[in-house]
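The values are calculated or read from the model by the stated rules, or taken from the named source; none is laboratory data. If you're wondering where the values come from, they're calculated on a predicted model, not measured in any experiment. Counting neighbours? That spans all protein chains shown, and the Cβs are built from the backbone with ideal geometry, glycine included.
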Amino acid sequence: MYMYMMSNLFSIFDPSTNNFMSLNWLVMIIPLLLFNWSYWLYPSRLNMFWFLMFNKIFQEFNKLSKKKFNSNIIIFLTIMMLFMILNLLSLMPYIFTPSSHMSINLSLSLSLWISFMLYGWMMNTNKMFIHLLPMNTPGLLMIFMIMIETISNFIRPWTLAIRLSANMLAGHLLLSLLGSTLESMPYMILLFLIQNLLLILEISVSIIQAYVFAILTLLYFNESN
């Protein structure tokens with residue numbers, strides 16, 4: 001019985017368990033519909049909201065970039081908006097959570113990291129060697145610092161993917177556990193309030209994790225630039 005309950009609990013992250021729409025991966029097309037502004041002759045309130053958000057976040061990313069008004073910031077801005085919309089949509093009922101799967105997060109983080117490394121080692125070889133050894137490092141610790149920096153560099157795409165997947169899995173599991181025990185609890189109103197507070201927290205986590213993913217990829221790009 002315990003194994004049956006656990007399989008039902010984790011089945012919310014399985015894209016093949018929903019009988020209503022078996023092609024749950026199609027939810028990743030929804031952000032493309034929200035990004036497109038050509039549906040309207042005049043900007044709507046949704047377009048103006050996205051424009052203000054894009055402008056504010058672009059200014060924040062521009063402060064972290066080495067080159068001011070760098071056009072590459074648009075790539076990281078798009079990544080943030082993509083994950084933010086996917087995370088927020090996954091909080092709705094019967095919506096699949098693609099950002100909780102390593103196949104999505106690791107594919108994107110690994111492809112970005114490989115492109116940064118290739119560009120850095122081919123175009124800025126001396127700077128990439130400089131990043132492996134911090135300044136004022138004692139001579140006895142140089143070999144160990146190079147090994148530590150190399151290992152930390154190789155685990156960057158894994159930490160990006162695991163951080164996003166773990167946060168989305170943990171929040172959805174807590175919401176599922178509280179929702180399954182809502183009817184059997186004597187103080188149902190109190191549990192209902194706790195679940196709403198947890199939902200607000202999960203909305204904040206969805207936005208923050210998308211921002212963290214984009215910021216870290218931008219910082220990794222700055223090191224190779």
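Data for the structure
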read-out	value
Residue among Ser165, Ser180, Ser176 that is surrounded by 12 or more Cβ atoms within 10 Å (Cβ to Cβ), modelled with pLDDT of 80 or more and out of contact with any strand residue (DSSP E or B) (no Cβ under 6 Å at 6 or more places or on another chain)	Ser165
Hits in segment 110-142 - residues which are touching a Leu at 6+ places or on another chain (Cβ under 9 Å) and of a type outside the set (A, V, I, L, M)	Trp113
